[in-house]
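Notes follow the structure.
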Amino acid sequence: MRPVTAASWDLQPAAARRLQEELREKVIVAGGPAPEAVRLAAGLDVSFDKEKGVLHAAVVVLELPKFNVVETGTAVLPATFPYVPGLLSFRESPVLVQALEKIQTEPDLLVFDGQGIAHPRGLGIASHLGVLFDRPSIGIAKSLLVGDYESPPPVRGGYSTLFYRGEPVGTVVRTRTGVKPVFVSPGHLVGIAEATRLALALSQKFRIPEPTRAAHNLCTALRRGEGMVP
């Protein structure tokens, strides 16, 4: 895969925030593939090795409905952008882009362990890279970044709307009965309702969806020296 637009990563935080505001105007929160139309879903995850100061990224493309692994891509880069709340995509995107560029498959959906439009400036990593690659994308995060919500029903499929500054930006979804919910938001070329349905369809036996769970496991193996950087 290759980005369709040029990317800027070597920015000061103030310039990065301004760029987020500009890119937010390119985000399309509408449409998106129905779960049954998704044949290939790519999960993306990043892990930071604090001792070595490097970021490990993994992309795992799964074929639905059996979630068989079709292709993987990994990358390792030094962490050059500081950790700044709300600017995580500038820290993690370069290594994810490098991993994405190593895969030949064109997935129907990019699934990020992170935020989409549920972000202070409406441009979490799922939106940022969704725009950069012009692919349908969603963010499925384990924790809340911004917004308010009512607790969803405690059964699989239960959800409530996530609001930020009075506007809906995603949903809070139970992917399993009796477990903590996940925070789902559109990245790009996907609507809120579609993102919710996709999150549930991609979550099988675990709280975390299968694509990002596979990417997380590959990241862990890479950090331990068990994975490979092609």
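The values are calculated or read from the model by the stated rules, or taken from the named source; none is laboratory data. Note that the coordinates shown come from a computational prediction; the quantities given were computed from them, not determined experimentally. Counting neighbours? That spans all protein chains shown, and the Cβs are built from the backbone with ideal geometry, glycine included.
Only residues that are charged (D, E, K, R) and modelled with pLDDT of 95 or more: list them for the range 208-230, please.
Answer for the range 208-230, where residues must be charged (D, E, K, R) and modelled with pLDDT of 95 or more: GLU210, ARG213.
Just to be sure, is LEU19 in a helix (DSSP H, G or I), over 16 Å from the mean Cα position of the chain (by Cα) and of a type in the set (A, V, I, L, M)? Even if it seems obvious, please write down each step before you answer.
Values: in a helix (DSSP H, G or I): yes; over 16 Å from the mean Cα position of the chain (by Cα): yes; of a type in the set (A, V, I, L, M): yes.
For LEU19, the condition - in a helix (DSSP H, G or I), over 16 Å from the mean Cα position of the chain (by Cα) and of a type in the set (A, V, I, L, M) - is met.
Checking the condition of a type in the set (Gly, Ala, Ser), assigned to a helix (DSSP H, G or I) and without any contact (Cβ under 8 Å) to a residue 60 or more places away in the chain, which residue from ALA14, ALA6 passes? Show your work before the answer.
On the way: ALA6 fails: assigned to a helix (DSSP H, G or I).
Only one candidate passes the filter, namely ALA14.
Please find, among THR161, THR171, THR220, THR175, the residue that is surrounded by 21 or more Cβ atoms within 10 Å (Cβ to Cβ) and not in a loop (DSSP other than H, G, I, E, B). Walk me through it before giving the result.
Details: THR161 fails: surrounded by 21 or more Cβ atoms within 10 Å (Cβ to Cβ); THR220 fails: surrounded by 21 or more Cβ atoms within 10 Å (Cβ to Cβ); THR175 fails: not in a loop (DSSP other than H, G, I, E, B).
Answer to the check: THR171.
Is there any pair linking a residue in the range 126-139 that is on the phi < 0 side of the Ramachandran plot and aliphatic (A, V, I, L, M) to one that is buried (at least 24 other Cβ atoms within 10 Å of the Cβ) and assigned to a helix (DSSP H, G or I), with Cβ under 7 Å and at least six apart or on different chains, and which?
Partner pairs satisfying both residue conditions: LEU129/LEU96; ILE138/ALA126; ILE138/ALA195; ILE138/LEU198; ILE138/ALA199.
Go through GLU63, GLU106, GLU36 for me and flag whichever is of a type in the set (Asp, Glu) and modelled with pLDDT of 95 or more. Walk me through it before giving the result.
On the way: GLU106 fails: modelled with pLDDT of 95 or more; GLU36 fails: modelled with pLDDT of 95 or more.
It is GLU63.
Restricting attention to the range 31-60, which residues are outside any strand (DSSP E or B) and within 21 Å of MET1 (Cβ to Cβ)? First the steps, then the outcome.
Step one: filter the range 31-60 for residues outside any strand (DSSP E or B), giving 31-39, 50-53.
Hits for the range 31-60 are GLY31, GLY32, PRO33, ALA37, VAL38, ARG39.
Tell me the residue from THR80, THR105 that is farther than 24 Å from ALA41 by Cβ and assigned to a loop (DSSP other than H, G, I, E, B), please.
Values: THR105 fails: farther than 24 Å from ALA41 by Cβ.
From the options THR80, THR105, the qualifying one is THR80.
Just one of the numbered conditions (1) in a loop (DSSP other than H, G, I, E, B); (2) buried (at least 17 other Cβ atoms within 10 Å of the Cβ); (3) not charged (D, E, K, R) is not true of GLN204; which one?
Status for GLN204: all satisfied but (2).
Give just the number: which of (1) assigned to a strand (DSSP E or B); (2) surrounded by fewer than 21 Cβ atoms within 10 Å (Cβ to Cβ) does PRO154 not satisfy?
Result: PRO154 fails condition (1) only.
Checking the condition more than 18 Å from VAL46 (Cα to Cα) and in a helix (DSSP H, G or I), which residue from VAL131, VAL69, VAL146, VAL95 passes?
Checking each option against the conditions leaves just VAL131.
Here are some residues: SER127, SER143. Which one is surrounded by fewer than 20 Cβ atoms within 10 Å (Cβ to Cβ) and either over 22 Å from ALA16 (Cα atoms) or of a type outside the set (Phe, Trp, Tyr) (or both)? Steps first, answer last, please.
Numbers: SER127 fails: surrounded by fewer than 20 Cβ atoms within 10 Å (Cβ to Cβ).
Only one candidate passes the filter, namely SER143.
Take the residues of the range 1-47 that are of a type in the set (Lys, Arg) and surrounded by 10 or more Cβ atoms within 10 Å (Cβ to Cβ): which is farthest from THR196 (Cα to Cα)?
Start the filter on the range 1-47 by keeping residues that are of a type in the set (Lys, Arg), which leaves 2, 17-18, 24, 26, 39.
Cutting the leftovers down to surrounded by 10 or more Cβ atoms within 10 Å (Cβ to Cβ) gives us 17-18, 24, 26, 39.
Values: ARG17: 28, ARG18: 29, ARG24: 21, LYS26: 21, ARG39: 17 Å.
Applying the filter and picking the extreme gives ARG18.
Kindly indicate the residue of the range 73-91 that is under 16 Å from the mean Cα position of the chain (by Cα) and modelled with pLDDT of 95 or more and also surrounded by the fewest Cβ atoms within 10 Å (Cβ to Cβ) among those meeting that condition. Give the steps one after another, and end with the answer.
Going residue by residue through the range 73-91, those that are under 16 Å from the mean Cα position of the chain (by Cα) are 73-74, 86-91.
Within this subset, residues satisfying the condition of being modelled with pLDDT of 95 or more are 73-74.
On the way: GLY73: 25, THR74: 22.
Among residues in the range 73-91 that are under 16 Å from the mean Cα position of the chain (by Cα) and modelled with pLDDT of 95 or more, the one surrounded by the fewest Cβ atoms within 10 Å (Cβ to Cβ) is THR74.
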